[in-house]
Amino acid sequence: MLYNETDQSCIEGGKLWLECGENNWDSFTKLVIAGINAVHHVSKNIEIMINVGSSIKALWWYTELGKHMDINLIDVFGLSYYQKYNPGYFLNNLETNLKALSERFKNHDIHIAETTHPYRHVEDPNLHYPETAEFPFTAQGQQDYAQGLINVVKSVRRATAVTWWGGEWCRPGDTEFHVSSSH
């Protein structure tokens with residue numbers, strides 16, 4: 001993966017705002033192309049994936065990127081999908097967006113590069129559960145979410161992978177919510 005959640009941490013005002021910025025795609029694509037060239041300097045066989053933090057905006061984001069660089073320099077479109085940050089954006093909505101993305105960009109694989117679903121309720125103002133949850137905060141709810149997401153990915157042409165993120169946040173037997181990554 002060359003860039004992780006680029007729309008969150010670069011284009012929309014995070015780590016590289018001065019270099020990028022939402023209105024400065026040219027600077028951003030220079031960084032992307034330099035990264036791709038560096039990877040290909042090591043090996044032309046390494047696939048390039050860029051992960052968009054919002055699966056809701058993925059079609060727009062990759063379309064915009066393609067206006068500023070050769071989109072075929074990227075092999076895999078990565079997307080993050082977290083229901084907890086997007087209440088009401090359920091698996092059927094994701095499936096619709098993935099199918100639109102796969103129709104627009106027929107030569108690219110699509111990976112759900114980050115996802116998770118908690119197996120128990122945790123008091124956190126950033127989590128919009130359980131009121132808007134498509135799946136309950138239970139071990140069975142977590143299993144049903146994972147299987148539902150896998151089924152969505154299987155239903156979309158060129159969607160090929162799901163990566164579970166933050167599995168260490170809620171460990172069996174713990175009574176505390178552990179955040180040990182960027183979230």
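Residue pairs whose Cβ atoms lie under 7 Å apart, sitting 6 or more positions apart in sequence or on different chains, and linking a residue in region 88-113 that is more than 16 Å from TRP60 (Cα to Cα) to a partner that is of a type in the set (D, E, K, R), are PHE90/GLU134; LEU91/GLU134; ASP109/ASP75; ASP109/ARG158. Being touching a residue at least 60 places away in the same chain (Cβ under 8 Å) and either farther than 18 Å from HIS111 by Cα or within 17 Å of the chain's Cα centre (by Cα) (or both) is a property that holds for TYR81. Each residue in region 136-168 was checked for being more than 18 Å from the chain's Cα centre (by Cα), assigned to a loop (DSSP other than H, G, I, E, B) and not hydroxyl-bearing (Ser, Thr, Tyr), and 3 pass. Evaluated against (1) modelled with pLDDT under 95; (2) in contact with a strand residue (DSSP E or B) (Cβ under 9 Å, 6 or more places away or on another chain); (3) not hydroxyl-bearing (Ser, Thr, Tyr), LEU101 falls short on exactly one condition, (1). Are any of the residues in region 123-142 of a type in the set (S, T, N, Q), surrounded by 17 or more Cβ atoms within 10 Å (Cβ to Cβ), touching a helix residue (DSSP H, G or I) at 6+ places or on another chain (Cβ under 9 Å) and at pLDDT 85 or above? Within region 123-142, none of the residues are of a type in the set (S, T, N, Q), surrounded by 17 or more Cβ atoms within 10 Å (Cβ to Cβ), touching a helix residue (DSSP H, G or I) at 6+ places or on another chain (Cβ under 9 Å) and at pLDDT 85 or above.
The values are calculated or read from the model by the stated rules, or taken from the named source; none is laboratory data. Nothing here was measured: the structure is a model prediction, and the numbers come from that model. When we count neighbours, we look across all protein chains shown, and the Cβ atoms used for this are built from the backbone with ideal geometry, even at glycine.
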